[in-house]
Amino acid sequence: MSPSNLAIIATVAPAVAALLLLVVAPLRHKGAPAAWVTLLGSLVSLGSAIMLLLGRVDGGADVRVTTPWIQEGSRAMAEIGVLIDGVSVPMLIIVCLVALCVQLFSVAYMHDEPPRAYGRYFTLHAMFLFSMNIVVVSPNLLQLFAGWELVGLTSYLLIGFYFAKPSAAQAAVKAFWMTKLADMGFLFGLLVLFVATGSFEWTSTPSAQVATWVTALLFVAVIGKSAQFPLHIWLPDAMEGPTPVSALLHAATMVAAGVFLVVRADPLFAQAPETREVMLWVGTVTAVFAAGLALVQKDIKKVLAFSTASQLGYMVAALGAGQAFAGFFHLGTHAFFKALLFLAAGSVIHAVHSNSLEDMGGLRKKMPLTTAAFVIGALSLAGVPGFAGFFSKDLVLGSLEGKGHWIPWTLLMGSAFLTAFYMGRVVIKAFWGNESEKSSHAHESGLAMTGPLMVLAIPSLASGFLGGWLASQVKAEYHVHLGLTPIVASSMAILGIVAAVVVFGRGGKAPFAGVLEKLDTFSLVDRTWASGYRIGLLGIASLAGWIDRYLIDGLMNFTGWATLEGGASARKLQTGLVRDYALMVVVGVVVLVLIGVLR
Amino acid sequence: MTLTSCLILAAAVMAIGLYGLVTRKQAVAMLLSVELMANAANMVFAAYGHFRGGPSAQVFVLFALAITVAEVAVGLALVMLLYRRHGDTTVDLASEARQ
């Protein structure tokens, strides 16, 4: 089968599953059949993706198949289709593999849900995979935008999965608002690009000024989608969704769409050094800031959420330094180990029925497989040499070494230490230490949950060794060399772990924990946005409401009122009395006569 | 007897009819007033026919009288209906159409 057909099958299979479940309501309402349909769709997608990958390993060339879209006369404004190259195929593999693992995990994890909710959950998963694949295979920015909005919608629906819970509903609305606010940047960026060049291609070469504007606007969307400072606040709240959803959407794939966009639009970003400079700093600030907040979270999922924002900061910093490949590589390894961490956390939450780290503890004897999976993920995230995260993080940091980026380099090194430190804290608190009341009844999850963990543990361990192959796919240079960065980075990781063992092994608190906790509870960024929402958005809304209610409605109501009142007073003329009519006739005649005489 | 005195008489009859039409409440009285006004007009016709023109004006008066009779027939029929409905012939009773 031709590569383009395979890519189309990979994209359309989940769409067919989603449509089937949406249209045939009994399938969805029964629950279990919905899971099978969705899993089948994802399996077909993954199979197609693997065949595409094998084709590329055999030396297959880039393929671009499109058909005209939005035709105006004989000219098409855009194209829709698939682009198969060194970026889309690895990304497709990552997305489909993680999605399949998460969906398999969900079969057991969501088992206690009522059948209708269970069916809805899997329908949304199928919709998500379709939307994400649209993003991945898109040959231009317009199709990417369509997929981008679709994943935003499914994210909203899945965060608000427990919509009866007010906090979940609020979190969903917040995520939707924040990302839509940022997505306006994408839309305006597209408009500017189209007006300037007449196309939606990322390969177009507008003037330097236009390129700066377009990339700056696109980057606003990236800040929102990839949870960068100061729009990161929706990501911790998004943890209200089911844990597998957090693993797939809010750790591995959807939030990485922002990074993917920049990797895709690299030719455009290469023309805008100013935007890249801003990206470098935004990424660095996010990486450090989020890592600091991750240190004091009491909810295991929130630790991982802040960690995700922090790691996305690394990717964005690498992209800002002009090393798209480093960012892409870290995206790939991060997708595996962060999905693994989230699913392992889900397994723990399933066992102790609580998100709080206080309710865990001493789980390593009760849940050996989950513990092993979480520790592998944590070591990979911390960047311990040999694990996947080490190679990609090393590449990110290496891309900053020299070139006058010493300040971000130093800050990100500090953040690497913090990463190892806070992951050490979580591992010690959850799996070592004393058992709590809830964790004493915990037991290992079944194979349906541990199976996906084992599958994801393999790339979390080994995908770092694929860097050379990935570099050859995207035609980037990749050398593993023993320089300053790897030595400092690995010592940071090990130092962080040692520090965590020393500090938390005895049940101590992190240094500056008080300050960080205050920072976390005060949540200045959150409050700023909330007051912006209240004053700005609600202010405009109430002004518009006032104009609508009193000015526009008032005018309409006045017209109606005046007509009614006028009619009522004119009705008094019609007395119904014959004498009055006779008098009127007489008066009328007299008036006519007078007019005739006086003229 | 001149044309002027005839016209003054006709005007007087017209004024009496008008006054009666406006002031009376009884349907029959109003009908009579209307008749007076119609006859005042007929008098003007007849006077002009006698002093200025030929016999054609007086022929018109004959036609007008015939039509007035028909009008009275319709008017009396209305009065009859009013009486059957309300047991009285005061025109103020016939104001249901206002609703």
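Counting Lys and Arg as +1 and Asp and Glu as -1, each charge on the Cβ, what is the dipole of region B:3-97 about the Cα centre in debye, to the nearest 20? Before the final figure, lay out the partial values.
Numbers: 5 positive and 5 negative charges, 24 e Å.
It works out to roughly 120 debye.
Provide the packing ranking of A:43-50, A:197-204, i.e. peptides ordered by the mean count of other C-beta atoms within 10 Å per residue, highest first. Each step should come with its number before you reach the end.
Values: A:43-50: 20.8, A:197-204: 16.8.
Result, highest mean Cβ count within 10 Å first: A:43-50, A:197-204.
Counting only helical runs of four or more DSSP H residues, what would the 222 nm mean residue ellipticity of chain B come to if each run contributes -39,500 (n - 2.57) and the total is spread over all its residues? Can you show the working numbers first?
Numbers: 3 runs with 77 residues, N = 99.
-27500 deg cm²/dmol, from helical runs alone.
For region A:350-472, take the alpha-carbon Rg, divide it by the Kirkwood Rh, and send me Rg/Rh. Before the final figure, lay out the partial values.
Details: Rg = 17.3 Å, Rh = 16.1 Å.
Checking Rg against Rh, the ratio lands at 1.07.
What percentages, rounded to whole numbers, describe P(r) for region A:126-199 computed over all alpha carbon pairs with 5 Å bin width beginning at zero?
Going from the shortest bin to the longest, the percentages are 3, 17, 20, 20, 17, 11, 7, 3, 2, 0.
Which trypsin sites (Lys or Arg not before Pro) does region B:1-59 hold that lie in a coil by DSSP with at most 15 other beta carbons within 10 Å?
Values: sites: B:Arg24, B:Lys25, B:Arg52; in loops: B:Arg24, B:Lys25, B:Arg52.
Answer by residue number: B:Lys25, B:Arg52.
For chain B, state what percent of all Cα-Cα pairs lands in each successive 5 Å bin, counting from 0 Å until the bin that includes the largest distance.
With 5 Å bins starting at 0, P(r) equals 3, 13, 18, 18, 16, 11, 9, 6, 4, 2, 0.
Would you mind counting up the charge near A:Gly160? Only other residues with Cβ under 12 Å from its Cβ, with Lys and Arg at +1 and Asp and Glu at -1.
The answer is +1.
Measure nothing but the geometry: give the 0 to 90° angle between the long axis through the Cα atoms of A:324-352 and the longest principal axis through the Cα atoms of chain A, rounded to 10°.
90 degrees
Report the one residue of A:Leu6, A:Val288, A:Thr123 whose Cα lies farthest in the direction of the positive end of the charge dipole of chain A (charges on C-beta: Lys and Arg +1, Asp and Glu -1; origin at the Cα centre).
Towards the positive end, the residue furthest out is A:Thr123.
Which value in deg cm²/dmol, rounded to the nearest 500, describes the helix-derived mean residue ellipticity at 222 nm for chain A, given -39,500 (n - 2.57) per DSSP H run of n ≥ 4 and division by the residue count? Walk me through the numbers on the way to the answer.
Values: 26 runs with 425 residues, N = 599.
Here the helix-only value at 222 nm equals -23500 deg cm²/dmol.
By the scheme Lys and Arg +1, Asp and Glu -1, what is the net charge of all other residues having a beta-carbon under 14 Å from that of A:Pro26? Mind dumping the intermediate values first?
Working: positive: A:Arg28, A:Lys30, A:Arg116, A:Arg120; negative: none.
Here the count lands on +4.
Can you tell me the mean projection area, over all orientations, of the convex hull of chain A's alpha carbons? Units nm², please.
On the way: hull surface 164.9 nm².
So the Cα hull casts an average projection of 41.2 nm².
For a quick check of your reading of the filter: which trypsin sites (Lys or Arg not before Pro) in region A:433-511 sit in a DSSP loop and have no more than 12 other Cβ atoms within 10 Å? Don't skip to the answer; put the middle values down first.
On the way: sites: A:Lys438, A:Lys475, A:Arg506, A:Lys509; in loops: A:Lys438, A:Lys475, A:Arg506, A:Lys509.
Those satisfying the criteria are A:Lys475, A:Arg506.
Going Cα to Cα from A:Lys302, which aspartates and glutamates come in below 20 Å? Please leave out same-chain ones fewer than 8 positions away.
A:Asp237, A:Glu240, A:Glu358, A:Asp359, A:Glu517, A:Asp520, A:Asp526
Kindly rank B:29-39, A:575-585, B:76-86 from highest to lowest mean number of other beta carbons found within 10 Å of each residue. Write down the numbers at each step before the final one.
Details: B:29-39: 18.9, A:575-585: 15.0, B:76-86: 12.9.
Listed from highest to lowest mean packing, they are B:29-39, A:575-585, B:76-86.
Past the 31 Å Cα-Cα mark, which pairs from A:Lys393/A:Lys429; A:Lys225/A:Lys509; A:Lys30/A:Lys429; A:Lys429/A:Lys518?
Numbers: A:Lys393/A:Lys429 25 Å; A:Lys225/A:Lys509 33 Å; A:Lys30/A:Lys429 39 Å; A:Lys429/A:Lys518 21 Å.
Listed pairs above 31 Å: A:Lys225/A:Lys509; A:Lys30/A:Lys429.
Using only Cα atoms, find the angle between the long axis of helix A:513-522 and the longest principal axis of chain A, and express it within 0 to 90 degrees, rounded to the nearest 10.
That helix lies at roughly 20 degrees to the long axis.
Does anyone have the angle between helix A:141-159 and the longest principal axis of chain A? Alpha-carbon axes, 0 to 90°, nearest 10?
Taking Cα atoms only, the helix is inclined about 90 degrees.
Using only atoms on other chains, find how many Cβ atoms lie within 10 Å of each Cβ of peptide A:573-579 and report the average.
If you average over the peptide's residues, the count of other-chain Cβ atoms is 6.
Through the Karplus equation 6.51 cos²θ - 1.76 cosθ + 1.60, θ set to phi - 60°, convert the phi angles of region A:490-499 into ³J(HN,Hα) values in whole Hz; use x for Gly and Pro.
6, 5, 4, 4, 5, 4, x, 5, 4, 4
Would you tell me the mean number of C-beta atoms belonging to other protein chains that fall within 10 Å of each C-beta in B:89-96, as a whole number?
Details: counts 0, 2, 5, 6, 2, 3, 6, 1.
The shielding value for this peptide is 3.
No value in this document is a laboratory result; all are computed from the given coordinates. Worth saying up front: this structure is predicted, and the values here are computed from it rather than measured. Note: ideal-geometry Cβ built from the backbone for every residue, glycine included; neighbour counts use all protein chains shown.
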